[in-house]
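Below: one structure, written as structure tokens.
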Amino acid sequence: MKKLALMAGAVALLAGQAVANEGFYAGAQYERHNLKANEEEGSVSYNLGTIGLLGGYQITENFAIEGRWHFGVQDKSKNFDDGRTEVKLRNRFALLGKGMVPLTDEFSLYGLAGYSHAKYRLDWSDEQDSVRVSPSGKGFTWGVGGAYAINNQFAVHLEYNDLPKAKIEDAKARASAISLGFSYKF
């Protein structure tokens, strides 16, 4: 009987803890989005700036579902011998599962996995002609990060994401991002 009472108490304690961690949250991020393409002459890299909004629901202490939407705020252009290119992230959305491991009351590590779809704009021009194409990257994405809880509602986080490759016909560019953001738990 004593064991049954202890087990019931432990289940009630764990259930209470899970309920205390449930809830909606929202936040924002600044992201340094990198596109790296390998070409015949070598590789070329574009570092783009984005701002994003995120929202999610924390189901348990260790798992949440999260949605994100980013839009470009900093384009990147490069000059070449035969012309000039300008790249912009038009927008990116993602639907993610987020697994969290609390290390202390304030600090936790997390992993992300899910689906992401990004749309870019690429303009190429030379003295005689110009071309605009709209590459995109969609598919599986993953990431890792750390979060520091300032108090029960506010947290700051830093993370790395490996994103789907951007595709233009047969060419592909590797995409990744590092972001710094905050979130507010309701």
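Laboratory data are not the source of any read-out in this text; all were calculated from the coordinates shown. Quantities reported herein were computed from a predicted structural model and do not represent experimental measurements. FYI the Cβ positions are ideal-geometry reconstructions off the backbone, even for glycines, and counts take in every protein chain you see.
Going by a ≥ b ≥ c, the root eigenvalues of the Cα gyration tensor, does the stretch 47-100 fall in the rounded group (a/c under 1.5), the prolate group (a/b larger than b/c) or the oblate group? Verdict is prolate for the stretch 47-100. Counting neighbouring beta carbons within 10 Å and listing from fewest to most, the residues Ile150, Ile51 come out as Ile150, Ile51. Projecting the Cα atoms of Ala26, Ser125, Ile59 onto the charge dipole of the stretch 23-185, computed from C-beta unit charges around the Cα centre, puts Ile59 farthest toward the positive end. Between 0 and 90 degrees, the angle of helix 2-21 with respect to the longest Cα principal axis of the chain falls at about 40 degrees. For His117, neighbours were defined as the other residues whose beta-carbon sits under 10 Å from its Cβ, and their charges (Lys and Arg +1, Asp and Glu -1) total +3.
Only helical DSSP H runs with n ≥ 4 go in: add -39500 (n - 2.57) per run for the chain, normalise by residue count and round the 222 nm mean residue ellipticity to 500 deg cm²/dmol.
-3500 deg cm²/dmol
In the chain the Cα-Cα distances spread across 10 Å bins starting at 0 as 9, 33, 25, 16, 10, 5, 2, 1, 0 percent of all pairs. Is the stretch 61-133 rounded, prolate or oblate when judged by the Cα gyration tensor, a ≥ b ≥ c being the square roots of its eigenvalues, rounded requiring a/c under 1.5 and prolate requiring a/b larger than b/c? Taking the square roots of the gyration eigenvalues as a ≥ b ≥ c, the stretch 61-133 is prolate.
Could you run the Debye sum over the Cα atoms of the stretch 133-178, one equal point scatterer each and no solvent, and tell me log10 of I(q)/I(0) at q = 0.14, 0.26, 0.27 Å⁻¹, two decimals? Here log10 of I(q) over I(0) equals -0.48, -0.89, -0.93.
Computed over neighbours whose Cβ is under 12 Å from that of Asn151, the net charge equals -1, Lys and Arg +1, Asp and Glu -1. The dipole here belongs to the stretch 23-185: it is taken about the Cα centre, uses +1 on the Cβ of Lys and Arg and -1 on the Cβ of Asp and Glu, and is about 540 debye.
In order along the stretch 67-76, phi translates into HN-Hα couplings of x, 9, 9, 10, 9, x, 10, 9, 7, 9 Hz, rounded to whole numbers, per the Karplus curve 6.51 cos²θ - 1.76 cosθ + 1.60 with θ = phi - 60° and x for Gly and Pro.
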